[in-house]
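Asks: First the structure, which I've put down as structure tokens, then a few questions once you've had a look.
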Amino acid sequence: MPPFGFTPDSSDDAEKNNGDDSVDFAAMMQKMQQQIQEQFSKLGMSGPGFAPTTEALPKNVVRDNAKKFVTAKGSAPIGANDVSKVAEAFSIAELWLNEATFFPQSTVAANSTLARTDWVDSTLAGWQSTVEPLAVGLTSAIAELLKESAGGDSAGEGEEGSAEDSMQVPVGMIATLLRSFIGSLMATQLGQSIGGLAGTVTGIHDVGLPLVDPVYPALVPQNIDEWARDLDIPIDEVRIFHALRESAGARLFSHNPWLVSYIRSAVTDYARGIHIDIDAIQRQAQELFESSSSNSGEFDPTNPESFSMALNEGVFTPEESPAQRAALVKLETVLALVDGWSENVVNLAAGDRLPNLSALEETLRRRRATSAPTQQLFSNLFGLQVSPRLAREATAFWRAVGELRDLQSRDQIWSGILPTAEDLLTPESYLSSIEIPDDLSSL
């Protein structure tokens, strides 16, 4: 790999500098910034801001890209009729849910009817805090890679290396610039993903994540209308079905605020283990850069084009450590538990009140198996796949617990030790494992 690859241009000024012991680092960094801006343009993105910032995931980049994406797809304004219909659906849903869950109704918000752009505004802070640890982990790994590269280049050079110390590129400056580049690239990806989700989600909790604080339920009428298209089911029934799902999710997160830190800690645990193996990347990148007519066929950590190409081709997908795999299993399981619990609660609440409940559940199941909102995003970010099988097992688990015990016992599980993926297959054994014996003398 070439040592940092930043040398003065072969011009008169450059030749004059050859006799000096200094390099025009300001010009060098300006050139690098220009290269990065060009790479963003090639990717169809706005260039990142290079002003000093402490943000690993720039909020303005996430917001601007999300808004741009959803605006391009179209966001219908909210009318008085929308507000009235949604309020009616929530009124029915909350009444029915009182019989299906131990958790009482959550906060009632004035803005429970959202346009697509409103959904973006409402959930943006939640997305930011959920995904930011991943950006921190990746940018830290990039900085570590640069340090290792700088150390490797200078190691073993002896006197000749000492003579050229004054020509060394300032690693700190490059690391800062690359952190801005990688952070902006991830923020752009996140913003586009949020904008894409805004065109399909039916409510704030459709994604199965705690995204608002305080927690409240809200629906997106435009997306519910599109969800119901081609279904031979009355739209009022479809709306009540989604109101049940939305309110159930809001009740769960409202009365179990620790789930917020639980989910984010899983993301943080995964991010903490990110390490970029330069040798592995060299092997993966060899074919990529040779096929793109690269002169060296090698990955250069200081070359913005190398980074953008590698990110697009998935070269930076790290080999998971056991700790990272455990974090992903933890995240996958809790997402399945949330989804399965909601399905079980909605089924109990609706009962025979919704004539087309089975058809609605099957439609939801089929669509989520191919394009689950959270899976779309997490799959893009770190390859997380919440399998339909695990979601089905979680639904069966909650149903079995409710039958073996009662609704209160079922819902109180959320305040204790959550079941593992293996526990989902044996609900009776799991319940026995968390029971406190009447006689504690043996302890």
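The values are calculated or read from the model by the stated rules, or taken from the named source; none is laboratory data. These figures come from a predicted structure and were not determined experimentally. Please note: Cβ atoms are built from the backbone with ideal geometry, for glycine as well, and neighbour counts cover all protein chains shown.
Asks: For Glu361, indicate whether it is at pLDDT 90 or above, at negative phi and crowded, with 20+ Cβ neighbours inside 10 Å.
Replies: Details: at pLDDT 90 or above: yes; at negative phi: yes; crowded, with 20+ Cβ neighbours inside 10 Å: no.
Judged against the criteria, Glu361 is not a match.
Asks: Just one of Val260, Val267 is in a helix (DSSP H, G or I), surrounded by 21 or more Cβ atoms within 10 Å (Cβ to Cβ), modelled with pLDDT under 95 and under 21 Å from the mean Cα position of the chain (by Cα); which is it?
Replies: Within the list Val260, Val267, the selection yields Val267.
Asks: Follow-up question, since we're still on this one. Scanning region 227-239 for residues that are in contact (Cβ under 8 Å) with a residue 24 or more places away in the chain and in a helix (DSSP H, G or I), which turns out farthest from Val346 (Cα to Cα)?
Replies: Trp227
Asks: Count, please, the residues in region 102-145 that happen to be of a type in the set (Gly, Ala, Ser), more than 16 Å from Ala187 (Cα to Cα) and at pLDDT 90 or above.
Replies: 3
Asks: Can you tell me which of Gly199, Gly249 is crowded, with 18+ Cβ neighbours inside 10 Å and within 18 Å of Arg116 (Cα to Cα)?
Replies: On the way: Gly249 fails: within 18 Å of Arg116 (Cα to Cα).
Only one candidate qualifies: Gly199.
Asks: Still on this structure, please answer the following. Which of the residues that make up region 383-416 are more than 17 Å from His255 (Cβ to Cβ), hydrophobic (A, V, I, L, M, F, W, C) and out of contact with any Lys or Arg (no Cβ under 8 Å at 6 or more places or on another chain)?
Replies: Correct list: Leu384, Val386, Leu390, Ala394, Ala396, Phe397, Ala400, Leu404.
Asks: Among the residues of region 90-101, is there at least one that is of a type in the set (Asp, Glu) and modelled with pLDDT of 95 or more? Please lay out each step first, then the result.
Replies: Looking only at region 90-101, we keep the residues that are of a type in the set (Asp, Glu), and these are 94, 99.
Those still in the list that are modelled with pLDDT of 95 or more too: 94, 99.
Yes, that holds for at least one residue.
Asks: Here is a follow-up. Could you please let me know if Arg325 is over 28 Å from Ile224 (Cα atoms), touching a Ser or Thr at 6+ places or on another chain (Cβ under 9 Å), part of a helix (DSSP H, G or I) and modelled with pLDDT of 85 or more? Let's see the steps before the verdict.
Replies: Details: over 28 Å from Ile224 (Cα atoms): yes; touching a Ser or Thr at 6+ places or on another chain (Cβ under 9 Å): no; part of a helix (DSSP H, G or I): yes; modelled with pLDDT of 85 or more: yes.
Considered against the rule, which asks whether it is over 28 Å from Ile224 (Cα atoms), touching a Ser or Thr at 6+ places or on another chain (Cβ under 9 Å), part of a helix (DSSP H, G or I) and modelled with pLDDT of 85 or more, Arg325 comes out as no.
Asks: I need the full set of residues from region 107-134 which are within 26 Å of Leu357 (Cβ to Cβ) and crowded, with 20+ Cβ neighbours inside 10 Å, in order please.
Replies: Initially, region 107-134 is screened for residues within 26 Å of Leu357 (Cβ to Cβ), giving 108, 112-114, 119.
Ser112, Thr113, Leu114, Trp119, listed by residue number.
Asks: Here's something else I'd like to know. Starting from residues that are at pLDDT 95 or above and of a type in the set (A, V, I, L, M), keep the ones in region 384-406 and report whichever is surrounded by the fewest Cβ atoms within 10 Å (Cβ to Cβ).
Replies: Among those that are at pLDDT 95 or above and of a type in the set (A, V, I, L, M), it is Leu404.
Asks: Moving on. Among the numbered conditions (1) at pLDDT 70 or above; (2) touching a Phe, Trp or Tyr at 6+ places or on another chain (Cβ under 9 Å), tell me where Met186 comes up short.
Replies: (2)
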